[in-house]
Amino acid sequence: MEIRGMPARDILRYISSGEVSAAEVVETYLDAIREIGPQTNAFIEVLEPAARADASRIDKELRDGGSPGILAGLPVAIKDNICVKGAGCTCGSKILENWIAPYDATAARRLREQGAVIIGKTNMDEFAMGSSTETSAYGVTRNPWDLSRVPGGSSGGSAVAVAAGMAPLALGTDTGGSIRQPASFTGICGLKPTYGLVSRYGVTAYASSLDTVGPFGEGVWDCALLLEVIAGHDPLDATSHAKEPVTYTKALDGNVAGLRVGVPQELLRGVSAPVKAVFESTLSTMEDMGMIVEEMSLPSLAHAVEAYYVIAAAEASSNLARFDGVRFGRRADAGTLDEMYTRSRGEGFGKEVIKRIILGTFVLDTGNKDRYYRRAAQVRTLIKDEFQKAFERFDLIVSPAAPDVAFKIGEKIQDPLTMYLADLITIPVNMAGVCALSMPMGFAECDGVSLPCGLQIIGKPFDEQTVLRAGYCLEQEIGAGIREKVRHMRQNLGPVRECELVD
Ligand code: GLN
């Protein structure tokens, strides 16, 4: 049986019915990582022995009639800024090259408690700053649809792990689009939860007022399942909300006819013609399904990117102060204390991170705070208010998840402004603190290659249910063709190991 690349739901069924062992499933994925890992550079660390040990423990528990949890035996890849006890946590940076996490992040602990097998730590832009995974100190991750293209970022490694069939599920983080944009570039689903829904305890902070942790999966159901496990109140994270837990997988079926869907014109500016065409055809499908689609406007979004880069840099400059060679991070040899700080940070951080720390320090400087930081905070309030008002009229807001398909490696890295502007569509969602799903909506031609592009479905705060339900129903309409293309893409990457059935 070909387990690799199956939806998580099916793999779980085979494991729980005893047809396939968790150990066999893990071997299949480890094999895939061995085969495809080097081509794509999606993983920074593969947790082979630990994953094998976890899988056999779960098999034993299942044989003994126990219930190891709703993710029993399912491999999950984790972005390398989320702590997994005993594994490295480089954040894509040289400065943390040799650091081993002494504890599990709450999200990782919750996965383990439900029987997930953590299979590896995935590549990312350094400290999650970037949109292409090119700022990683461990080399760029390649897009499995075209190895000369970026997978998006900053959670590019997690997206590729799922897209290429090296893990059925993965965790990423999203501060300004780092889950949704790579999901769009690689043809899978990714969800940025409402701020405060998923604990960030044990996750290296980039911009604390915007950071979120969320799931990647091939389909909407898979994302709903992973969200169900990681969501919920955590006393270890002061920004975590005490909400009633929701069984997201149960909220997927149901009617979407009558849902009011707004399409903000500001989010269509700069979208390429081929992506716009796929988006328009998706809107017609949504109308055919009975949703009421209407154009609308959110004027303050025009300032979202500028305000975001002020706020994110300011918070990053403060958060990254702890990597100084004393509290955290590799210490450089030096004759004096000052030299030690300067060299530890100067040699440990990459160019993009240093640029953001300088920018952040500048906007927080006494004379500049009012001019930049406070004004950016005011823009954030405007954006939040505008979303809140819009959600009185609409149940959902939709847009493409990225202005274009995956770009070529090296194409934008020398031109940071174009790279930053590419975040225009995803950033407002983080500024407003609301939730959004990115799911594949189709393919657009680029230089003769057919590349995936995603739809962004934005929902009210803590209304992930409606977002996931709309996405799931839409997937029933348009998903079959997309899945077929994903299967082809995976076959092109290398042979698939057949899974042995338990006698
Ligand atoms: N590309 C954006 C940035 O560099 C968003 C990154 C993210 O969401 N972590 O800040």
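The values are calculated or read from the model by the stated rules, or taken from the named source; none is laboratory data. Every value quoted in this text rests on a predicted model; they were computed, and no experiment measured them. We place every Cβ from the backbone using ideal geometry, glycine too, and count neighbours over all the protein chains shown.
Identify the single condition in (1) in a strand (DSSP E or B); (2) more than 15 Å from the ligand (Cβ to nearest atom) that Gly190 does not satisfy, given that it satisfies every other one.
Unmet condition: (2).
Of everything in region 210-225 that's in contact with a Leu (Cβ under 7 Å, 6 or more places away or on another chain) and within 14 Å of the ligand (Cβ to nearest atom), which residue is nearest to Ile482 (Cα to Cα)?
Among them, the one singled out is Phe216.
Mind listing whichever residues of region 1-22 are without any contact (Cβ under 8 Å) to a residue 60 or more places away in the chain and buried (at least 18 other Cβ atoms within 10 Å of the Cβ)?
Tyr14, Ile15
Within region 208-223, work out how many residues are surrounded by fewer than 24 Cβ atoms within 10 Å (Cβ to Cβ) and part of a loop (DSSP other than H, G, I, E, B).
The total comes to 4.
Here is a yes/no grid of residues against (1) within 17 Å of Asp385 (Cα to Cα); (2) not β-branched (Val, Ile, Thr):
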| residue | (1), (2) |
| --- | --- |
| Met419 | no, yes |
| Asp423 | no, yes |
| Gly442 | no, yes |
| Gly448 | no, yes |
| Cys453 | no, yes |
| Ile458 | yes, no |
| Phe462 | yes, yes |
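Here is a list: Asp80, Asp104. Which entry is under 21 Å from Ser199 (Cα atoms) and either away from the ligand (no atom under 16 Å from the Cβ) or over 14 Å from the mean Cα position of the chain (by Cα) (or both)?
Numbers: Asp80 fails: either away from the ligand (no atom under 16 Å from the Cβ) or over 14 Å from the mean Cα position of the chain (by Cα) (or both).
None of the others qualify; the one that does is Asp104.
Of the residues Ile357, Ile311, only one is among the hydrophobic types (A, V, I, L, M, F, W, C), touching a Ser or Thr at 6+ places or on another chain (Cβ under 6 Å), in a helix (DSSP H, G or I) and within 15 Å of the ligand (Cβ to nearest atom); which?
Just one listed residue meets the conditions, Ile357.
Scan region 70-96 for residues that are surrounded by fewer than 24 Cβ atoms within 10 Å (Cβ to Cβ), without any contact (Cβ under 8 Å) to a residue 40 or more places away in the chain and under 30 Å from Arg343 (Cβ atoms) and jot them down.
Once the filter is applied, which keeps residues that are surrounded by fewer than 24 Cβ atoms within 10 Å (Cβ to Cβ), without any contact (Cβ under 8 Å) to a residue 40 or more places away in the chain and under 30 Å from Arg343 (Cβ atoms), region 70-96 yields only Gly86.
Please verify whether Cys91 is modelled with pLDDT of 95 or more, within 19 Å of the chain's Cα centre (by Cα), away from the ligand (no atom under 13 Å from the Cβ) and not basic (Lys, Arg), treating the condition exactly as stated. If you could, list the steps in order and put the result at the bottom.
On the way: modelled with pLDDT of 95 or more: yes; within 19 Å of the chain's Cα centre (by Cα): yes; away from the ligand (no atom under 13 Å from the Cβ): no; not basic (Lys, Arg): yes.
Judged against the criteria, Cys91 is not a match.
May I ask you to verify whether Glu386 is more than 16 Å from the ligand (Cβ to nearest atom), in contact (Cβ under 8 Å) with a residue 60 or more places away in the chain and acidic (Asp, Glu)? Spell out how you get there, then give the answer.
Details: more than 16 Å from the ligand (Cβ to nearest atom): yes; in contact (Cβ under 8 Å) with a residue 60 or more places away in the chain: yes; acidic (Asp, Glu): yes.
Judged against the criteria, Glu386 is a match.
For the condition touching a residue at least 60 places away in the same chain (Cβ under 8 Å), surrounded by fewer than 14 Cβ atoms within 10 Å (Cβ to Cβ), assigned to a helix (DSSP H, G or I) and small (Gly, Ala, Ser), what is the one hit in Ser281, Ser300? Reasoning before the result, please.
Numbers: Ser300 fails: surrounded by fewer than 14 Cβ atoms within 10 Å (Cβ to Cβ).
Of the residues listed, the single one that is touching a residue at least 60 places away in the same chain (Cβ under 8 Å), surrounded by fewer than 14 Cβ atoms within 10 Å (Cβ to Cβ), assigned to a helix (DSSP H, G or I) and small (Gly, Ala, Ser) is Ser281.
Evaluate the following for Phe323: is it in contact with a Phe, Trp or Tyr (Cβ under 8 Å, 6 or more places away or on another chain), at pLDDT 95 or above and aromatic (Phe, Trp, Tyr)?
Numbers: in contact with a Phe, Trp or Tyr (Cβ under 8 Å, 6 or more places away or on another chain): yes; at pLDDT 95 or above: yes; aromatic (Phe, Trp, Tyr): yes.
Yes.
Restricted to region 410-428, and to residues that are within 10 Å of the ligand (Cβ to nearest atom) and not acidic (Asp, Glu), which residue is farthest from the chain's Cα centre (by Cα)? Spell out how you get there, then give the answer.
Keep residues of region 410-428 that are within 10 Å of the ligand (Cβ to nearest atom), which gives 416, 419-420, 422-423, 426-427.
Narrowing the set further to residues that are not acidic (Asp, Glu) leaves 416, 419-420, 422, 426-427.
On the way: Pro416: 21, Met419: 18, Tyr420: 17, Ala422: 16, Thr426: 12, Ile427: 13 Å.
Filtering region 410-428 for residues that are within 10 Å of the ligand (Cβ to nearest atom) and not acidic (Asp, Glu), the one farthest from the chain's Cα centre (by Cα) comes out as Pro416.
Do you know which residues across region 127-146 are farther than 14 Å from Glu411 by Cα and either of a type in the set (A, V, I, L, M) or within 9 Å of the ligand (Cβ to nearest atom) (or both)?
Those that are farther than 14 Å from Glu411 by Cα and either of a type in the set (A, V, I, L, M) or within 9 Å of the ligand (Cβ to nearest atom) (or both): Phe127, Ala128, Met129, Ala137.
Is it the case that Ser67 is assigned to a loop (DSSP other than H, G, I, E, B) and either in contact with a helix residue (DSSP H, G or I) (Cβ under 6 Å, 6 or more places away or on another chain) or surrounded by fewer than 18 Cβ atoms within 10 Å (Cβ to Cβ) (or both)?
Values: assigned to a loop (DSSP other than H, G, I, E, B): yes; either in contact with a helix residue (DSSP H, G or I) (Cβ under 6 Å, 6 or more places away or on another chain) or surrounded by fewer than 18 Cβ atoms within 10 Å (Cβ to Cβ) (or both): yes.
Yes: the conditions hold for Ser67.
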